[in-house]
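Structure, as C-alpha cells:
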Amino acid sequence: MALMTILQAINHTLDQQMEKDSTVVVYGEDVGVEGGVFRATAGLQKKYGVERCFDAPVSEAGIVGTAVGMAINGLKPVVEIQFSGFMFPAYNQIAAHVARMRVRSRGKYHLPLVIRMPYGGGIRALEHHSESQETLFAHIPGLKVVIPSTPYDAKGLLTAAIKDPDPVIFMEPKRIYRAFKQEVPEEEYIVPIGKAKVVKEGTDITVVAWGAMVREVQKAMQELEQEGISVELIDLRTIKPIDKDTILESVQKTGRFLVVHEAVTSFGPGAELVSLVTQGAFLSLEAPPTRLGAFDVTVPLDKGEHHYLIDSKRIAYEVRKLIKY
Amino acid sequence: MLTKQFDPLKKKQLQILDENGNIVAKDLEPNLSKDQLLKMYKTMVLGRVADTKAVQFQRQGRMLTFVINKGQEAAQVGSAAAIEEQDWVVPAFREFSTLLYRGAPLYNLYLYWYGNEWGSHFPEGVKILPVNITIGAQFNHATGVALASKFQKKNEVVLTFIGDGGTSEGEFHEGINFASVFDAPVVFIIQNNHYAISVPRQKQTKSITLAQKAIAYGIPGIQVDGNDVLAMYVATKEAVDRARRGEGPTLIEAYTYRLGAHTTSDDPTLYREDKEVDEWIKKDPLIRFKKYLIEKGYWSEEEDQKLYEEYNDYVNDVFKQVEATGFYQLEDVFKYQYAEMPQHLVEQYEAYKHYLEEVK
Ligand SMILES: Cc1ncc(C[n+]2csc(CCOP(=O)(O)OP(=O)(O)O)c2C)c(N)n1
C-alpha cells in the first residue's frame, strides 16, 4: 500500500502494466522524454525504452490512427491525448474506426486500446483546456467510457481498461489530479468497467456524479446532512456502459433522483440517466428525475468561469428543491 | 526569385543581417525608411518587455498561463511589416509581436491571456483573427479568408502562422494544399523555434528543412534566418507580392528559437540544456537589429535605454488597467453564443439569476 494522488496512481498503473505485459505501449505528445505535461507517464521511457514509450509528433489523428493499427497487429496501445479539447483531430479515427473495427470485421479484428485524456474545468486554463466531452464518446456505439474520481479507482479502472478486449476512452479529471491522496494497493487489481459505486448510502435522494463532481456532491452532503437530508451518492465511474441496476435499485429506495455533471446540459449524459430512471423507476418517483449540468455555452475563460462551474452550493440547492417537491 | 536562390532542398537559408549586426547580403538589404525600421524595432522591444513582464506577473499570481514569445520577435515583426493595411493576420498562439505590429492593443493581448474573451475583440479596422489554440486549424481559416478575398477581388493577402510541431497536424497539410490548388493569396509562416513543448524539431519530421515541404504542394518555399528581421521582411515581401499578383501561396520557414519556456506552466530544464539556450542568446534578434540601426545613425544607446524605461512604465500601466477589469458579468456567458438567445439559454440564464438571488 502507498498513498497516491490520482496522477500517481495512473503513472504507477501504466508502469505496472508495462512491466507485466510487454505488448503494452504508451505514447502521445510529450509523453516520452518529459513524461507528459502532467507527468502521468514520467519515468516510463527511461524504464522501458523508446519503442514502448515515446513522443509522438503533434498529430492526434496520427496517435489514434496508429493505435488502431498497432492494436490489430498484436500490441496494446495506451495513448494520451494531451487535453480532451485536442481530441477532435482524432475524432474521425475514434468515431469512424476505433469504434467500428470489431463490428466491421465481424469480430476478426478487435481493438484492445486505451485512449487517455485529461478533461474538465476549474483549473483557470486557456481555451480548449476545460471541456467535458464524455457524451461525444458515449454517443458512439462501440466505445466504453470510463472516468475515475479516486486514486484507488484510477488504478483499478485503468488496469481493467488495458485488459479490456475493446477500446476504452479513459477520461481523467485533471482538476483533482493532485487534490488528495489515498491508499492504493501495490498489487494488481481490477475495478470492473460498467460498475458504479455507492459512495455513501442514504434514504432521501439518489445523486449520481463522476469525476471532479463527486467531491462537490460530498461537500454538499455535509451541508445537507445538517438539515437532516440523507443523500445516497453514486459515483458512476463508467459512463458507458451504464450500471443501470445500481442506479435503479437506489432510486427505487430513495424515490428521488439528481444527476450532476460538468458537461453541458442539452443532449448530455444527464439526459440519458434521467431517461433510464424515468422508465425504470417510474412508480417509485416522488419528484421529477432531474439533471444539473453546465449551461449550454462554450466554457468561459477564467474571468467568467466561476459563473459556469457547478459547486456544492448549487448541488445542495437542487437537492433541497427536489426534497421539497 | 529568392525562393529559387535559397533552395530549401539544398539547405540554403536566407540571411541578410548576421548575429553581429553585419549586412552579409548587401544586394538584398531592403530599402526601408527610418520610420518603418524604427517602428519595427520599437514593436520588437515592446514585445520583449511585455512578454518579460507577463511572465513576472504570472509568477506573482496576477496573470494566468502565458505563452512566451521571447526570441521570436524578428520572425514575428519582419513578416508583419511586409503586408499592407488591407491585409489579414491569422495567428496561432505565439505571435504576440506580430499582433502588436498590426495594431492589436497591448491591452487586448493582455486581457486575453488574463482569461477574458474580450481580449479577442480587436478594435475596428484591425484585421486579425482571434488566437487559435487548436494547432493547425488556422491554416484552413487563412486559406478561406484568402479565397474570399480572391473571389471578391478584394486585393487582400493573408499572413498566417504555425509552429514546427504544428507541421505534423493534418490541417497544416490540408490548408497548404487547398491554398495551392486555388492559388489563394496567403503566406504560410512556420515559426520553427525548435521545440514543440518538450519535443525537438528533429523528432517532429524527417524533412531536413520545414521549408522543403512546400515543394510537395507545388509552391515556393524558403528557409529564412528567423532572428534576422530584414531577411524575414524581404522573404515575406516577395511572397506577399506573389500572392497579390495572383500567383498563389508561399511557405516560409523562420528558423528561430524560443528563448523562454513553452508557457509559464512549462519547465524547459526537463528537456533541453542551458548550453543550447546560451548559444541562441547570442543570436538574439534584438541585439543585431539595434546594432544595425545604430550603425545607420537611426538610433542610439541612450534612446534605447529610454525606450525600455518608457515601455516598462507603459506595460505596467496597461496591466493595471487589465487587472482593474476583474471578473466579467454573468450576462456575457450567455449573450454571445448566438445572434439571439434561444429559449433554452434564456431559461438557463433566468433560472441561474433566480438561484443567485435566492442564495444571497
Ligand atoms: C490540436 C492540438 N493538439 C495539442 C495541443 C497542445 N499543445 C499546445 S502547444 C503544443 C506544441 C506546439 O508546438 P509548435 O507547433 O512547435 O509551436 P510552439 O508552441 O513551439 O510555438 C502542443 C502539443 C494543441 N494546442 N492543439
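The values are calculated or read from the model by the stated rules, or taken from the named source; none is laboratory data. These numbers come from a predicted model, not from an experiment. Cβ: placed from backbone, ideal geometry, glycine included. Neighbour counts: every protein chain shown.
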Please state which of the following conditions A:Tyr189 fails to meet, knowing it meets all the rest: (1) surrounded by fewer than 22 Cβ atoms within 10 Å (Cβ to Cβ); (2) closer than 30 Å to A:Leu322 by Cα; (3) of a type in the set (Phe, Trp, Tyr). (2)
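Is it the case that segment B:94-106 has a residue that's away from the ligand (no atom under 16 Å from the Cβ) and more than 20 Å from B:Val187 (Cβ to Cβ)?
Checked against the condition, which is being away from the ligand (no atom under 16 Å from the Cβ) and more than 20 Å from B:Val187 (Cβ to Cβ), segment B:94-106 yields at least one hit.
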Residues that are under 30 Å from A:Ile94 (Cα atoms): which strands (runs of 3 or more DSSP E) entirely in segment A:145-219 hold 1 or more of them? A:168-173, A:197-200, A:205-209
Going through segment B:62-78 in order, the residues found to be under 9 Å from the mean Cα position of the chain (by Cα) and more than 14 Å from the ligand (Cβ to nearest atom) are B:Val77
Determine, yes or no, whether B:Ala142 is within 16 Å of the ligand (Cβ to nearest atom) and of a type in the set (A, V, I, L, M, F, W, C). yes
Select from segment A:264-315 the residues that are β-branched (Val, Ile, Thr) and in contact with a Ser or Thr (Cβ under 9 Å, 6 or more places away or on another chain) and list them in ascending order. A:Val264, A:Val274, A:Val277, A:Val299
Does at least one position in segment B:79-91 carry a residue that is in a helix (DSSP H, G or I) and not small (Gly, Ala, Ser)? no
Hey, can you tell me all the residues within segment B:248-267 that are of a type in the set (Asp, Glu) and away from the ligand (no atom under 11 Å from the Cβ)? B:Glu253, B:Asp267
Of the conditions (1) facing chain A (nearest Cβ under 9 Å); (2) touching a Ser or Thr at 6+ places or on another chain (Cβ under 7 Å), B:Phe327 clears all except one; give me its number. (2)
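Yes/no matrix, rows are residues, columns are (1) among the aliphatic types (A, V, I, L, M); (2) in contact with a Leu (Cβ under 7 Å, 6 or more places away or on another chain); (3) exposed (fewer than 15 other Cβ atoms within 10 Å of the Cβ):
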{"residue": "B:Gln15", "(1), (2), (3)": "no, no, no"}
{"residue": "B:Glu19", "(1), (2), (3)": "no, no, no"}
{"residue": "B:Asn22", "(1), (2), (3)": "no, no, yes"}
{"residue": "B:Lys26", "(1), (2), (3)": "no, no, yes"}
{"residue": "B:Glu29", "(1), (2), (3)": "no, yes, no"}
{"residue": "B:Gln36", "(1), (2), (3)": "no, no, yes"}
{"residue": "B:Leu46", "(1), (2), (3)": "yes, yes, no"}
{"residue": "B:Ala50", "(1), (2), (3)": "yes, yes, no"}
{"residue": "B:Ala54", "(1), (2), (3)": "yes, no, no"}
Scope segment B:198-225; condition surrounded by fewer than 21 Cβ atoms within 10 Å (Cβ to Cβ) and in contact with an Asp or Glu (Cβ under 7 Å, 6 or more places away or on another chain); matching residues: B:Arg201, B:Lys203
Criterion first (at pLDDT 95 or above, assigned to a loop (DSSP other than H, G, I, E, B) and within 14 Å of chain B (Cβ to nearest Cβ)) does A:Val319 satisfy it? no
Subset of segment B:100-130, residues without any contact (Cβ under 8 Å) to a residue 60 or more places away in the chain, in a helix (DSSP H, G or I) and not polar (S, T, N, Q), comes to B:Leu100, B:Leu109, B:Tyr112, B:Trp113, B:Gly119
Can we say B:Ile135 is under 30 Å from A:Glu51 (Cα atoms) and either more than 14 Å from every other protein chain (Cβ to nearest Cβ) or at pLDDT 95 or above (or both)? yes
A:Gln17 vs. criteria within 14 Å of chain B (Cβ to nearest Cβ), part of a helix (DSSP H, G or I), away from the ligand (no atom under 16 Å from the Cβ) and buried (at least 21 other Cβ atoms within 10 Å of the Cβ): no
Residues within segment B:155-197 that are more than 9 Å from the ligand (Cβ to nearest atom), buried (at least 24 other Cβ atoms within 10 Å of the Cβ), away from chain A (no Cβ under 14 Å) and of a type outside the set (S, T, N, Q), tallied: 11
Considering segment A:87-101 alone, what residues qualify as being under 24 Å from A:Gly120 (Cα atoms) and surrounded by fewer than 19 Cβ atoms within 10 Å (Cβ to Cβ)? A:Phe88, A:Tyr91, A:Asn92, A:Ala95
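Across segment A:33-71, which residue is nearest to the other protein chains (Cβ to nearest Cβ) among those that are hydroxyl-bearing (Ser, Thr, Tyr) and within 15 Å of the ligand (Cβ to nearest atom)?
A:Ser59
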So which of B:Asp51, B:Asp18 ends up being over 14 Å from the mean Cα position of the chain (by Cα) and at pLDDT 95 or above? B:Asp18
Considering residues of segment A:72-84 that are crowded, with 19+ Cβ neighbours inside 10 Å and among the β-branched types (Val, Ile, Thr) only, the residue nearest to the other protein chains (Cβ to nearest Cβ): A:Ile81
Could you count how many residues in segment A:33-65 are of a type in the set (Val, Ile, Thr) and surrounded by fewer than 18 Cβ atoms within 10 Å (Cβ to Cβ)? 1
Return only the number of the condition from (1) assigned to a loop (DSSP other than H, G, I, E, B); (2) within 13 Å of the ligand (Cβ to nearest atom); (3) without any contact (Cβ under 8 Å) to a residue 40 or more places away in the chain that B:Ile133 does not satisfy. (3)
From B:Val145, B:Val126, B:Val67, B:Val77, residue being more than 28 Å from B:Asp313 (Cα to Cα) and of a type outside the set (S, T, N, Q): B:Val145
Per the list (1) away from every other protein chain (no Cβ under 14 Å); (2) more than 16 Å from the ligand (Cβ to nearest atom); (3) not aromatic (Phe, Trp, Tyr), residue check on B:Asn116 breaks on (1)
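Can you name the residue in segment B:198-212 that is over 21 Å from B:Gln76 (Cβ atoms) and within 13 Å of chain A (Cβ to nearest Cβ) and is also farthest from the ligand (Cβ to nearest atom) among such residues?
Only one residue tops the list, namely B:Lys206.
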